[in-house]
Amino acid sequence: MSDTTTLAVEFLFRMEATLAPPSMVPNGPNGTRVIVPITGGTVTGPRINGTIDALGADWLTMRADGTAQLDVRALIRTDDGAVIHTSYKGIMAPTESGDRRITTAPLFETGDEKYAWMNAIQAIAVGAPGQGVVQYDVYRIL
């Protein structure tokens, strides 16, 4: 184990997903469930470029402490024809300035040989929601 205080990462891509209005299941035993459909989006970066299919969603849970627990599934279609399934859990929490910050831990699955390296990595992503959109910078942990 290392005693370093920094985490070595490699920037993979920026993901910007467009979102449909949410559906809500209020007052569940774990909080309010908010289902946010993904309607599309883009992925741009040095290792991956493509679009996000309108097949995914976030099944997030709003918690009593003001945070939200994310549970997302999405498909990336690369510009060169690969399909990459991504799934992640994470936390959205208010910052000291009142904005919201999202931190997640994406995993990837693909059968495409060019992107098979993604099957064996753990990524981290940091981002923020906007009006009808969410944006993340995604990094591979080295």
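Let me confirm something: among 124, 91, which residue is under 19 Å from residue 13 (Cβ atoms) and either part of a strand (DSSP E or B) or touching a residue at least 12 places away in the same chain (Cβ under 8 Å) (or both)?
124
For the condition assigned to a strand (DSSP E or B) and within 18 Å of residue 42 (Cβ to Cβ), residue 86 qualifies. For the stretch 42-57, the set of residues classified as surrounded by 17 or more Cβ atoms within 10 Å (Cβ to Cβ) and either free of Cβ contacts under 8 Å to residues at least 40 places away in the same chain or in contact with a His (Cβ under 7 Å, 6 or more places away or on another chain) (or both) consists of 43, 50, 52, 56, 57, listed by residue number. Scanning the stretch 1-35 for residues that are farther than 14 Å from residue 84 by Cα, of a type in the set (A, V, I, L, M) and part of a strand (DSSP E or B) returns 9, 17, 19, 24, 25, 34, 35. Applying a threshold of 6 Å to beta carbon distances and a minimum spacing of six or more residues, or different chains, the list of pairs starting in the stretch 19-41 at a residue that is over 14 Å from residue 130 (Cβ atoms) and ending at one that is aromatic (Phe, Trp, Tyr) and surrounded by 12 or more Cβ atoms within 10 Å (Cβ to Cβ) reads 35/59.
Among the listed residues 63, 47, identify the single one that is modelled with pLDDT under 95, farther than 23 Å from residue 20 by Cβ and either out of contact with any strand residue (DSSP E or B) (no Cβ under 6 Å at 6 or more places or on another chain) or of a type in the set (Lys, Arg) (or both).
The unique qualifying residue is 47.
When the residues of the stretch 104-121 are filtered to those that are in contact (Cβ under 8 Å) with a residue 24 or more places away in the chain and in a strand (DSSP E or B), the one that is surrounded by the fewest Cβ atoms within 10 Å (Cβ to Cβ) is 109.
Identify, from the list 76, 38, the residue that is in contact with a His (Cβ under 9 Å, 6 or more places away or on another chain) and either loosely packed, with under 14 Cβ neighbours inside 10 Å or part of a strand (DSSP E or B) (or both). Outline the logic, then answer.
Working: 38 fails: in contact with a His (Cβ under 9 Å, 6 or more places away or on another chain).
Selected residue: 76, the only one of 76, 38 that is in contact with a His (Cβ under 9 Å, 6 or more places away or on another chain) and either loosely packed, with under 14 Cβ neighbours inside 10 Å or part of a strand (DSSP E or B) (or both).
The values are calculated or read from the model by the stated rules, or taken from the named source; none is laboratory data. All of these numbers come straight from a predicted model, not from anything done at the bench. Positions of Cβ are generated from backbone atoms using ideal geometry, with glycine treated the same way; all protein chains shown enter the neighbour counts.
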